[in-house]
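Step one of this worksheet: look at the structure below.
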Amino acid sequence: MHLHSHQIAWGSGSGQQSVTTHSVNNDQGDLWSIQGAYGQQFCEAGTPIQCGSTIRLTHVQTNKNLHSHLFKAALSGFQEISAFGEGGKGDTGDNWVVECGFISRTSVAKDWLRGAPISLKHVDTSKYLYTATGVSFNQQNCGVQCPIMGQSEVSCAPKKDSSKTTWYTTQGVYFPPKDEMDRDEL
């Protein structure tokens with residue numbers, strides 16, 4: 001499933017831009033850029049993201065940040081996820097801690113690696129970015145003209161779940177680590 005957003009607002013809760021998941025490949029609404037945490041410096045391209053770092057994810061198409069707050073999600077009843085802010089500017093509700101998974105039975109990753117499992121923990125509420133295919137928008141819960149029909153809700157759950165709070169980077173533009181770029185210039 002791909003983390004997705006578009007210029008469609010939630011019909012309840014915050015009324016902010018909706019965030020869902022879906023299975024369509026190569027959709028422009030699936031691209032997110034990594035930024036420094038709200039109130040911190042810009043994240044320079046090629047800088048490795050260390051496990052435990054606080055980041056923001058900015059939706060490339062709409063320039064809004066992945067956001068959470070105390071509104072209730074429409075289907076799961078967990079905490080609502082939205083895209084928020086103008087021009088990438090938002091607030092502390094946009095901050096997420098990258099929690100990396102194991103790379104082997106005995107070691108934990110030091111940096112967020114392409115394709116490696118991570119969880120995203122919301123800084124303000126200590127809840128985890130969550131999705132499940134069983135929590136999908138359909139004609140019964142969204143209506144006949146539902147613009148997000150067949151997409152799954154994204155919310156924040158109170159605890160980790162090995163399958164529903166685990167995320168992977170699978171597509172996008174990746175930069176070589178900054179130290180490799182610096183060596184190439186020598």
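Descriptive notes on the structure:
- Yes/no for T165 being closer than 18 Å to I34 by Cα, assigned to a loop (DSSP other than H, G, I, E, B) and at pLDDT 85 or above: no
Let's see how each residue does on (1) modelled with pLDDT under 95; (2) basic (K, R); (3) surrounded by 15 or more Cβ atoms within 10 Å (Cβ to Cβ); (4) part of a strand (DSSP E or B):
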residue	(1), (2), (3), (4)
G15	yes, no, no, no
V19	no, no, yes, yes
G29	yes, no, yes, no
C43	yes, no, yes, no
S82	no, no, yes, yes
T106	yes, no, no, no
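- Unique match (being open to solvent by less than 40 Å² (accessible area, probe 1.4 Å), on the phi > 0 side of the Ramachandran plot and free of Cβ contacts under 8 Å to residues at least 60 places away in the same chain) among G39, G88: G88
- Looking only at region 13-32, residues that are without any contact (Cβ under 8 Å) to a residue 24 or more places away in the chain and within 14 Å of L75 (Cα to Cα) come to 0 in all.
- Enumeration of residues in region 44-71 that are over 15 Å from L3 (Cα atoms) and β-branched (V, I, T): T47, I49, T54, I55
- Those residues of region 2-12 which are surrounded by 18 or more Cβ atoms within 10 Å (Cβ to Cβ) and in a loop (DSSP other than H, G, I, E, B), in sequence order: W10
- T58 vs. criteria under 16 Å from the mean Cα position of the chain (by Cα) and crowded, with 21+ Cβ neighbours inside 10 Å: yes
- In region 108-140, the residues that are open to solvent by less than 30 Å² (accessible area, probe 1.4 Å), small (G, A, S) and at pLDDT 95 or above: S119
- Single residue of A45, A83, A73 found to be of a type in the set (G, A, S) and touching an Asp or Glu at 6+ places or on another chain (Cβ under 8 Å): A73
- F78 fulfils the conditions (1) modelled with pLDDT of 95 or more; (2) open to solvent by less than 40 Å² (accessible area, probe 1.4 Å) except for a single criterion, (2).
The values are calculated or read from the model by the stated rules, or taken from the named source; none is laboratory data. None of these values were measured; they are calculated from a predicted model. Cβ: placed from backbone, ideal geometry, glycine included. Neighbour counts: every protein chain shown. Note: accessible area is taken over every heavy atom of the protein model, side chains too, but ligands, DNA and RNA are not part of it. Shrake-Rupley method; radii C 1.70, N 1.55, O 1.52, S 1.80 Å.
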